[in-house]
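Notes follow once the structure below has been shown.
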Amino acid sequence: MLFNLFNKKEKIDNHSNEEEISFLVPLLGGRENIIKVNNCATRLRLEVNDTNKINIEEIKKYYPAVQKISDKEVHIVVGTNASVIADVLRKIIVSDDSFCNMALMILPLLGGRENIIKVNNCATRLRLEVKNADKVNEEKYYPVIQKISNTEVHVVVGIKAFELADELSKILNDSDANTDYSNRAWLLIPMLGGIENIVKVNNCATRLRLNLKDANKVNAEEIKKYYPAVQKISDTELHIIVGTSVSELAEDLEKLLGSQTLKTSLLLPLVGGIENIIKVNNCATRLRLEIKDADKINIEEIKKYYPAVEKINNNEVHIIVGTDANLLADEFKKFVI
């Protein structure tokens, strides 16, 4: 699941508009569950009617540091644009029920943009062709939801069905809509021997051209399940034929490799979550973490991205992340409560 949602998070960090932030509202228990939105430098501080209505695990896919302070308060570490996100959330909460807002509210409940193939409607229903009907959340906002088949869902929304379908179609056809290139990039990294094995990303018309530290660390057979044509050019170079979408894949792969925020979001759940971290330090090439419980660390999963992981003792772990260890440590510290 970690591969899926970082493109949205990066867009939020860069643009912070209503279309990209309103997905949080259903995860916070809906507009009616949110009493007040505050923020500090890096956190959303939310006063709510009932924290038990908050989908913490789903929020952690976007923002790994979520803290339930009490039955009425929750904090989410969102980074240095916390004030912008808080302002947008306030506008959404007090705004009227426009069709645009309704469409944005329902989108995550339908399994996200990537789960929706086609939108139709009749007089009172949204008729949705989807990839997987099991990803549709039946519990919020619209009590009458019918799973017609594994790929078709109907939602009874009333006489506003046409307008709501129209707004959904606009969002789905937006030229800035998420593609699955970011997902593919995340998927490829472990197969290429981890983040630290990738030196440079290039491409031609149809090929991904990769300079690597060691091409022998590449799992070519696994890559071939997605891209059948994989060529080992030398011990330090690999080509993957991906077709005419190669430039988008190369661009997203470079973004992922260069983003300390994304690396932090990747690692946080694998080190036991924010509540497991006591202190963050670094040396020239290592992230040094003082932790509460080393048994909560998923060492095997971390090794897919950073092969050199050392459990020093029950309260300390080191991850060799390369020469930008100081940058990654600085980003990590923003999320540590």
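The values are calculated or read from the model by the stated rules, or taken from the named source; none is laboratory data. None of these values were measured; they are calculated from a predicted model. Cβ placement follows ideal geometry from the backbone for every residue including glycine, while neighbour counts extend to all protein chains displayed. Calculation scope for accessible area: heavy atoms of the full protein, side chains included, ligands and nucleic acids excluded. Shrake-Rupley method; radii C 1.70, N 1.55, O 1.52, S 1.80 Å.
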Among residues belonging to segment 260-272 that are among the hydroxyl-bearing types (Ser, Thr, Tyr) and at pLDDT below 80, point out the one that is most open to solvent (accessible area, probe 1.4 Å).
-> 261
Report, by residue number, each residue of segment 23-48 that is part of a helix (DSSP H, G or I) and in contact with a Phe, Trp or Tyr (Cβ under 9 Å, 6 or more places away or on another chain).
-> 24, 26, 27
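Before we move on, is residue 294 open to solvent by less than 20 Å² (accessible area, probe 1.4 Å) and small (Gly, Ala, Ser)? Quick ask: steps written out before the conclusion?
On the way: open to solvent by less than 20 Å² (accessible area, probe 1.4 Å): yes; small (Gly, Ala, Ser): yes.
Judged against the criteria, residue 294 is a match.
Return the residues of segment 228-254 that are crowded, with 17+ Cβ neighbours inside 10 Å and touching a helix residue (DSSP H, G or I) at 6+ places or on another chain (Cβ under 8 Å); say none if nothing qualifies.
The answer is 230, 238, 240, 242, 248, 249, 252, 253.
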For segment 36-82, which residues satisfy the criterion of being open to solvent by 60 Å² or more (accessible area, probe 1.4 Å) and in contact with an Asp or Glu (Cβ under 8 Å, 6 or more places away or on another chain)?
-> 36, 38, 45, 47, 49, 52, 67, 71, 72, 73
Can you find even one residue in segment 273-289 that is touching a residue at least 60 places away in the same chain (Cβ under 8 Å) and of a type outside the set (Asp, Glu)?
-> yes
Segment 160-210 - residue that is at pLDDT below 85 and within 15 Å of residue 240 (Cα to Cα) and, of those, least open to solvent (accessible area, probe 1.4 Å) | 185
For segment 266-305, how many residues are under 23 Å from the mean Cα position of the chain (by Cα) and either assigned to a loop (DSSP other than H, G, I, E, B) or among the polar types (S, T, N, Q) (or both)?
-> 9
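Could you identify the single residue in 106, 35 that is of a type outside the set (Lys, Arg), modelled with pLDDT of 65 or more and touching a strand residue (DSSP E or B) at 6+ places or on another chain (Cβ under 7 Å)?
Numbers: 106 fails: touching a strand residue (DSSP E or B) at 6+ places or on another chain (Cβ under 7 Å).
Just one listed residue meets the conditions, 35.
Name the residue, out of 275, 331, that is modelled with pLDDT under 90, closer than 26 Å to residue 68 by Cα and crowded, with 16+ Cβ neighbours inside 10 Å. Break it down into steps so the answer makes sense when it comes.
Numbers: 275 fails: crowded, with 16+ Cβ neighbours inside 10 Å.
Of 275, 331, the one residue that is modelled with pLDDT under 90, closer than 26 Å to residue 68 by Cα and crowded, with 16+ Cβ neighbours inside 10 Å is 331.
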